[in-house]
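Heads up: the structure comes next, in structure tokens.
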Amino acid sequence: MQHYKSIETIGEGSFGSVYLVKDSKERPFALKRIHVNPFEGDQALKEIEVMKKFVHPNLIKIYDSHFDEESEQL
């Protein structure tokens, strides 16, 4: 993702990986890259858009999302 600079891999699982990244203002964020079947891409995007609206102390805030049909390296 071009808006973030990868610092290190925090963890990996069967659905994807989590990275420590920094934005252009050097603020740290956790970036979760998930692997989605191309046939499920639209459903994943809809779920992310709904989750962006949630505000609750027990939920992690989603600030940004990006869908790329091609695999890209951080």
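With the requirement that a residue be among the charged types (D, E, K, R) and either more than 16 Å from residue 60 (Cα to Cα) or touching a helix residue (DSSP H, G or I) at 6+ places or on another chain (Cβ under 6 Å) (or both), what does segment 15-48 give you? Break it down stepwise before answering.
Quick first cut of segment 15-48, residues among the charged types (D, E, K, R) only: 22-23, 25-27, 32-33, 40, 42, 46-47.
Those that are among the charged types (D, E, K, R) and either more than 16 Å from residue 60 (Cα to Cα) or touching a helix residue (DSSP H, G or I) at 6+ places or on another chain (Cβ under 6 Å) (or both): 22, 23, 25, 26, 27, 40, 42, 46.
Of the set (1) surrounded by fewer than 10 Cβ atoms within 10 Å (Cβ to Cβ); (2) touching a strand residue (DSSP E or B) at 6+ places or on another chain (Cβ under 8 Å); (3) not acidic (Asp, Glu), all apply to residue 11 but (1). Of all residues in segment 1-41, those satisfying the criterion of being in contact (Cβ under 8 Å) with a residue 60 or more places away in the chain and touching a His at 6+ places or on another chain (Cβ under 9 Å) are 1, 3. If the condition is being within 18 Å of residue 17 (Cα to Cα) and without any contact (Cβ under 8 Å) to a residue 60 or more places away in the chain, then segment 42-64 contributes 44, 45, 48, 60, 61, 62, 63. Number of residues in segment 1-23 that are part of a strand (DSSP E or B) and of a type in the set (Ser, Thr, Tyr) equals 4.
Filtering segment 1-42 down to residues that are basic (Lys, Arg) and at pLDDT 90 or above, which residue is farthest from the chain's Cα centre (by Cα)?
Step one: of segment 1-42, the residues basic (Lys, Arg) are 5, 22, 25, 27, 32-33.
Cutting the leftovers down to at pLDDT 90 or above gives us 5, 22, 25, 27.
Working: 5: 13, 22: 13, 25: 18, 27: 16 Å.
By that ranking, first place goes to 25.
The values are calculated or read from the model by the stated rules, or taken from the named source; none is laboratory data. This structure is a prediction, so every number in the text was calculated from the model and none was measured. Here Cβ is always computed from backbone atoms with ideal geometry, including for glycine, and neighbour counts include all displayed protein chains.
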